[in-house]
1. So how many residues does the stretch 86-106 have that are more than 14 Å from the chain's Cα centre (by Cα) and either surrounded by 18 or more Cβ atoms within 10 Å (Cβ to Cβ) or not in a helix (DSSP H, G or I) (or both)?
2. One residue is enough: does the stretch 74-85 have a residue meeting the conditions assigned to a helix (DSSP H, G or I) and free of Cβ contacts under 8 Å to residues at least 60 places away in the same chain?
3. Only one of these conditions is not met by residue 70: (1) free of Cβ contacts under 8 Å to residues at least 60 places away in the same chain; (2) over 18 Å from residue 119 (Cβ atoms). Which number is it?
4. Return the pairs, sorted by first residue and then second, in which the second residue is part of a helix (DSSP H, G or I), the first residue lies in the stretch 37-50 and is closer than 15 Å to residue 61 by Cβ, the beta carbons are less than 6 Å apart, and the residues are 6+ apart or on different chains.
5. Go through the stretch 1-22 residue by residue and tally those that are free of Cβ contacts under 8 Å to residues at least 40 places away in the same chain and over 14 Å from residue 82 (Cα atoms).
6. Only one of (1) within 19 Å of residue 116 (Cα to Cα); (2) in contact with a helix residue (DSSP H, G or I) (Cβ under 6 Å, 6 or more places away or on another chain) fails for residue 77. Which number is that?
7. Could you count how many residues in the stretch 48-66 are part of a loop (DSSP other than H, G, I, E, B) and at pLDDT 95 or above?
8. Kindly evaluate residue 39 against the criterion of being in a helix (DSSP H, G or I), farther than 19 Å from residue 117 by Cα and touching a strand residue (DSSP E or B) at 6+ places or on another chain (Cβ under 8 Å).
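The values are calculated or read from the model by the stated rules, or taken from the named source; none is laboratory data. Since the model is a prediction, treat every value here as computed from it, not as a measurement. Glycine also receives a Cβ, built like all others from the backbone with ideal geometry; neighbour counts cover every protein chain displayed.
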């Protein structure tokens, strides 16, 4: 059986590198992306089960990428878990308004990763 693919958009080594390791431990293949501008193209080509997106340091570009993902018929169904070090409600609301499925704090994402995955991957 093929392992499910996660696209992981990040620049910050922490928690990005840790997420790669945890996702692989959970049986996912992980493809990393450094440039938010390429997320939609990568998602169309690779057809991932999930996208995880670091909101920092390119917050605006990442939110724009999430919006483009959700407006694209080929990628709109892919859940997006966005994460940031800040618990800033404005940042969280902007990511949710862009179409992120969940927005979580860096401090919680590794500890509760399986719960967040279960929640994001639920079929409505």
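1. Within the stretch 86-106, the first condition is being more than 14 Å from the chain's Cα centre (by Cα), and the residues that meet it are 86-91, 93-94, 97.
Within this subset, residues satisfying the condition of being either surrounded by 18 or more Cβ atoms within 10 Å (Cβ to Cβ) or not in a helix (DSSP H, G or I) (or both) are 86-88, 91, 94.
Looking only at that region, the number is 5.
2. Filtering the stretch 74-85 for residues assigned to a helix (DSSP H, G or I) gives none.
Checked the stretch 74-85: no residue is assigned to a helix (DSSP H, G or I) and free of Cβ contacts under 8 Å to residues at least 60 places away in the same chain.
3. For residue 70, the failing item is (2).
4. 39/65; 40/68; 40/69
5. Filtering the stretch 1-22 down to residues free of Cβ contacts under 8 Å to residues at least 40 places away in the same chain leaves 1-3, 13, 16-17, 20-21.
With the extra rule that they be over 14 Å from residue 82 (Cα atoms), the set shrinks to 1-3, 13, 17, 20-21.
Residues meeting the conditions: 7.
6. For residue 77, the exception is condition (2).
7. Applying the first criterion (part of a loop (DSSP other than H, G, I, E, B)) to the stretch 48-66 yields 48-49, 55-58.
Right, trim to at pLDDT 95 or above and you get 48-49.
Residues flagged as part of a loop (DSSP other than H, G, I, E, B) and at pLDDT 95 or above within the stretch 48-66 amount to 2.
8. On the way: in a helix (DSSP H, G or I): yes; farther than 19 Å from residue 117 by Cα: yes; touching a strand residue (DSSP E or B) at 6+ places or on another chain (Cβ under 8 Å): yes.
It is true that residue 39 is in a helix (DSSP H, G or I), farther than 19 Å from residue 117 by Cα and touching a strand residue (DSSP E or B) at 6+ places or on another chain (Cβ under 8 Å).
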